[in-house]
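Read the structure below first, then the notes.
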Amino acid sequence: MGQTPAPTAKGKLVTIEAPSSDSERSESSPAPSESSLSTLESELGGNDKISKPSGEAGRPGHGGYNLEEQLGWGDDGFKSLKRFVNKAIKKHLDVTKCRSQQHRRALDTVCDLAVAEFPDLSTFENCWPVLDLIQMRLKYLSSRAWQEKRIADGSSEAAKGGKRIRGRSPKSKSPGPSKK
C-alpha cells in the first residue's frame, strides 16, 4: 500500500493510506474519481439551505446586497414579510437597542414566528432574511430613540439654563437668501 501525505488547514501533516490497486479497495469506498466530500455530505444529509450573501443587507453599493432581490419573493411577498417582522419586533424586542444587544431568546422567538407564518423561510440558513430585517429595523428604531433622547436631554438642559448639547441645530424655517 502507498501512503499519500495530505496537509491540513493548520499545516500539520496527515498520512492517508491509499490502496495500491483497485482490488484492495472495499466495495463501499468511492472510486478515485468520486469526491469523498460529496459522499460525506450525502451520508450526513448535506446542507441544502440558502446561504447568506456576503456583506450587509440594504447596502448594495457598498459591498452589500438588496435583501428583496436575494429573497426572490417579489414585491408583495417581501412587503408582507417585512410588515410581519416589524410587528413581531415591536412586540418581542427592545426597540431602543440594536440587534447585538437583544436577548437571544427574543430574536429566536421572532424568527420562529416568521418561519411559522412564512414556511419558505426554513430554506434559508439560520433564518438570515429575518435576522437581516431585524438588524435593519432595529438600527433605524434604536437610532431614532437615541436621537429623541438626546433632544429631550438637550431641551431639559436648556430649560434649566444649562448649555445646549452640541449637535445639529434644527433647520431654520426662514427663507434663504433671495436670488436676484
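Only one of (1) in contact with a Ser or Thr (Cβ under 8 Å, 6 or more places away or on another chain); (2) open to solvent by 70 Å² or more (accessible area, probe 1.4 Å) is not met by Arg144, so which one is it?
(1)
Which condition does Leu113 not pass, out of (1) under 16 Å from the mean Cα position of the chain (by Cα); (2) over 25 Å from Lys149 (Cβ atoms); (3) among the aliphatic types (A, V, I, L, M), if it passes all the others?
That leaves (1) as the condition not met.
The values are calculated or read from the model by the stated rules, or taken from the named source; none is laboratory data. Keep in mind the model is a prediction, meaning the values are calculated, not measured. Counting neighbours? That spans all protein chains shown, and the Cβs are built from the backbone with ideal geometry, glycine included. Ligands, DNA and RNA are excluded from the accessible area calculation, which covers all protein heavy atoms including side chains. Shrake-Rupley method; radii C 1.70, N 1.55, O 1.52, S 1.80 Å.
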